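Novice: Before I ask anything, let me first share the structure, which is written out below as structure tokens.
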There are 2 protein chains.
Amino acid sequence: MAVRVDLNISLDGYATTTDQTPEHPFGQDWGRLVGAYAATRTFRERVLLETGGEGTTGVDDKYAQAYFDEIGAEIMGAGMFGLHNFPDDPDWQGWWGEEPPFRVPVYVLTHTPRPLIEMANGTRFEFLTASPEEALDLATETAAGKDVRVGGGPTVVKSFLEAGLVDQLHVGITPILLGRGINLWEGLRGLEDAYDVSAETAESGVVHLTFRG
Amino acid sequence: MAVRVDLNISLDGYATTTDQTPEHPFGQDWGRLVGAYAATRTFRERVLLETGGEGTTGVDDKYAQAYFDEIGAEIMGAGMFGLHNFPDDPDWQGWWGEEPPFRVPVYVLTHTPRPLIEMANGTRFEFLTASPEEALDLATETAAGKDVRVGGGPTVVKSFLEAGLVDQLHVGITPILLGRGINLWEGLRGLEDAYDVSAETAESGVVHLTFRG
């Protein structure tokens, strides 16, 4: 059992974008940041629920497949689930539609818990106020020997990294400079001391770095 | 003729280190930042003047060789030459001994010029107070069709990048987090728009990124 993180970041370390508008709720930078991942066959099948077999099948797709392999539970922040965007909508069920890609119990960390949401495909969103350690204990028990992913956003990921709770960190580095947002690396000087780091480049230009504890 | 930059940076974008002490004038972080480059056969022959044929000959060495190829003149800042470390020593001739690796005219940008220094091997240090554009005009004329390198430090490099004067930027990214120093990427949002970017990983773990204009 391992605690795993996967994030897309820019060359200058930003894991979020800041150019959101009502017309572009994720912002145009977001499309550039995650474009190579969103183009993979795995993303198109698992997240977009496409069935045509379209999408890239190279190095980026290898990491996209690994993203979903052997995960038994997920932890995410309220922001990633969308509670900051839709705080007053009691029916908000996340960004992912009727069949979210997770297919496992998801623990959403929030200071204002709401009732559990059961989806059709094995995904279950459970809201709780908990420290990283407490959430991880719960997710580990639920995962029953499989891995736990800390999904994001970056502030939540950083709290788990700072607490030394992450066994494997994979970042897909898109070679663009965003210059603003939440910087994954800030405050993590010397993080590499606890890991072996390896790198692989994808056909898309994305550089995949993996920190293994 | 092209204007080229080559820098070693950390994963979080720092091109300088800050842990210098009298006993370690470059600091221990510096050794980690440039270690793979300093281990190449090219560096050992060209900079350390070793003749035993030692050093790595893989991807890092390929970039180290390219570093010196086809350069006709170099521009560097006062800090890189060492004037900030030895401002009161009129005999200071740089960090590189009797046979500096440059072997071409080097223009050192400084607000307090000093007399020209002719070295034995074709290297010449000429001190001037000039804007990036003025220095580049002079270096371009001197290079006579060959390339001009902007050698560093990062503050000088950033001034050339911000002015849109750099044709090719190569960074060797060492997968360590320094967390402090001068960040190459800060203030350069959107830099990639003017370049094609490609990536290559070295056996050492360093990721070589090249921006080609």
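Values in this text are rule-based calculations from the coordinates and carry no lab data. Just so you know, these numbers come straight off a predicted model, no measurement behind them. Glycine also receives a Cβ, built like all others from the backbone with ideal geometry; neighbour counts cover every protein chain displayed.
Novice: Give me the lysines in straight-line cross-link reach of A:K62: C-alpha distance below 28 Å, same-chain residues under 8 apart excluded.
Specialist: A:K146, A:K158
Novice: Still on this structure: List the trypsin sites (Lys or Arg not before Pro) within the stretch B:99-189 that DSSP assigns to loop and that have no more than 10 neighbouring Cβ atoms inside 10 Å. Walk me through the intermediate numbers first.
Specialist: Values: sites: B:R103, B:R124, B:K146, B:R149, B:K158, B:R180, B:R189; in loops: B:R103, B:K146, B:R180, B:R189.
Nothing satisfies the criteria.
Novice: Okay, next question. Any idea what the A:H111 label distances to the other copies are, label 7 Å down the Cα→Cβ vector, nm, shortest first?
Specialist: List, nearest first: 4.6 nm.
Novice: Any chance you could list P(r) for the stretch A:58-129, counting all Cα-Cα pairs in 5 angstrom bins from zero, rounded to whole %?
Specialist: The calculated distribution, bin by bin, is 3, 16, 26, 24, 16, 8, 5, 2, 0.
Novice: Relative contact order of chain B: what whole-number percent is it, with Cα pairs under 8 angstrom and at least 6 residues apart?
Specialist: On the way: 399 pairs, mean separation 66.3, N = 213.
Relative CO of chain B lands at 31 percent.
Novice: Less than 10 Å Cβ to Cβ from B:A2, Lys/Arg counted +1 and Asp/Glu -1: what total charge do the surrounding residues give?
Specialist: Around B:A2, the charge tally is +1.
Novice: Turning to a different aspect of this structure: Can you give me the pair-distance distribution of the stretch B:99-213, C-alpha pairs, 10 Å bins, whole percents?
Specialist: Distribution as computed: 11, 36, 35, 17, 1 percent.
Novice: Label position 7 Å from Cα toward Cβ: report the copy-to-copy distances for A:E133 in nm, one decimal, ordered from shortest.
Specialist: 6.0
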